[in-house]
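Enquirer: First the structure, then my questions, so here it is.
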Amino acid sequence: MDESLKSIEKDIEKAIKAYEVVVKGIDEKAQHSDDRAYGGIVRAGKGKLVEAIAGLMVSLAWETLGGSDERIFMDRRKVKIPIKKDYIEKIKNEETRQYIRDNIKRHYYGLSTDLHVHIDKKFVVAIECKAYTENAMLKRILVDFTLLKEAYPNIDLILIQLESQLGGDYSKLKDVTFGSPSTHTLISHFDITPTIITLLEGERKVDKPIHIPEFYKPLKKENLDKAVFTIREILRKHV
């Protein structure tokens, strides 16, 4: 791993500790809650955890590049995806076409991913954060990414998942990932190339959730190091 990553080891260790505390505590919290369904607490807990880890990794990646805190910020505010003008002209009913033209500013779709990275006030990276991803979920993510790419042509797109259920070798965390036939096929139908980052080794098993003690998976430092390095290379052009 690059020498500049050594300076962020303490923050990496904090992220690992937070993961351990949250994941090991989700099951107990869910079982003793009267307010929400068990599954809802588990999903919310893991989802927020991935978002927090993703935000930390972006910050650390930017730090290792020498980027200043003043230049970068992250949010998840919705962005306006405008209606396509050529679609309006295809509408058969003239009254409808004219109505849309007269109200063009109202015709947009509010869209956000889990984390939007801005550098020098420019939206440069969209990150979707998942406890796990399977290909049916990926289809929706690819649609959102495509809409963002059309509105922001220079944007980079990242999917960060704790576990993978995409098939192939996404969960093997090798230096080179070949992916899976289904995932590559889906992506081939969209004019985008998202970066997929997996944090935990081993394909997700529905009957072996990681918040159950006997199926717990550790979050390894070397895997976070690799993820930070990957994000850093995406951000490098903005330094």
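The values are calculated or read from the model by the stated rules, or taken from the named source; none is laboratory data. Being a predicted model, the structure only gives us computed values, none of them experimental. Every residue, glycine among them, receives a Cβ derived from its backbone with ideal geometry; neighbour counts consider all protein chains shown. What goes into the accessible areas is simple: the full protein's heavy atoms, side chains included, and nothing from ligands, DNA or RNA. Shrake-Rupley method; radii C 1.70, N 1.55, O 1.52, S 1.80 Å.
Enquirer: I need the helices of the chain that pass two filters: whole DSSP H segments spanning 15 Å or more by Cα along the axis, and mean Kyte-Doolittle score no lower than -1.0.
Expert: Working: long enough: 9-31 (34 Å, -0.62); 38-64 (39 Å, 0.63); 135-151 (24 Å, 0.51); 221-235 (21 Å, -0.11).
The qualifying helices are 9-31, 38-64, 135-151, 221-235.
Enquirer: Something else now. Greater than 22 Å separation of Cα atoms is the criterion. Which listed pairs, 174/237; 84/105; 46/149; 48/78; 174/205; 84/121, meet it? Could you put the intermediate results ahead of the total?
Expert: Numbers: 174/237 25 Å; 84/105 12 Å; 46/149 27 Å; 48/78 18 Å; 174/205 20 Å; 84/121 25 Å.
As for pairs spanning more than 22 Å Cα to Cα, those are 174/237; 46/149; 84/121.
Enquirer: Further question: Tell me the net charge near residue 165. Cut-off is 11 Å between Cβ atoms, residue 165 excluded, with +1 for each Lys or Arg and -1 for each Asp or Glu.
Expert: Its environment carries a net charge of 0.
Enquirer: Continuing with the same structure: Just check the stretch 96-162 against the gyration tensor rule for me: Cα atoms, a ≥ b ≥ c as the square roots of the eigenvalues, rounded for a/c under 1.5, and otherwise prolate or oblate depending on whether a/b exceeds b/c.
Expert: Verdict is oblate for the stretch 96-162.
Enquirer: Additional query: From the Cα gyration tensor of the chain, with a ≥ b ≥ c the square roots of its eigenvalues, which class applies: rounded if a/c is under 1.5, or else prolate if a/b is larger than b/c, or else oblate? Show your work: numbers first, answer last.
Expert: Values: a/c = 1.84, a/b = 1.45, b/c = 1.27.
Prolate.
Enquirer: Convert 4 °C to kelvin, take the viscosity as 1.567 mPa s, use the Kirkwood radius over C-alpha pairs of the stretch 120-239 as Rh, and evaluate the Stokes-Einstein diffusion coefficient in µm²/s, rounded to a whole number.
Expert: Rounded to a whole number, D works out at 85 µm²/s.
Enquirer: Looking at the square roots a ≥ b ≥ c of the eigenvalues of the Cα gyration tensor of the stretch 185-232, which shape do they give, rounded for a/c under 1.5, prolate if a/b is larger than b/c, or oblate?
Expert: Oblate, since a/c reaches 1.5 and b/c is not below a/b.
Enquirer: Using DSSP to define loop residues, name the chymotrypsin sites (Phe, Trp or Tyr not before Pro) in the stretch 135-187 whose beta-carbon has at most 14 other beta-carbon atoms within 10 Å.
Expert: 178
Enquirer: Over the chain, with every protein chain in place, what whole percent of the accessible area is carbon and sulfur at 1.4 Å, could you tell me?
Expert: Carbon and sulfur: 52 percent of the exposed surface of the chain.
Enquirer: OK, next. Summing Lys, Arg as +1 and Asp, Glu as -1, what charge do residues with Cβ under 12 Å from the Cβ of residue 206 carry, residue 206 excluded? Walk me through the intermediate numbers first.
Expert: Numbers: positive: 204, 205, 208; negative: 134, 163, 203, 207.
Result for the neighbourhood of residue 206: -1.
Enquirer: Who wins for biggest fluctuation among 156, 75, 225 in a Gaussian network model of the chain, springs between alpha carbons below 10 Å?
Expert: Result: 75 has the largest fluctuation of those listed.
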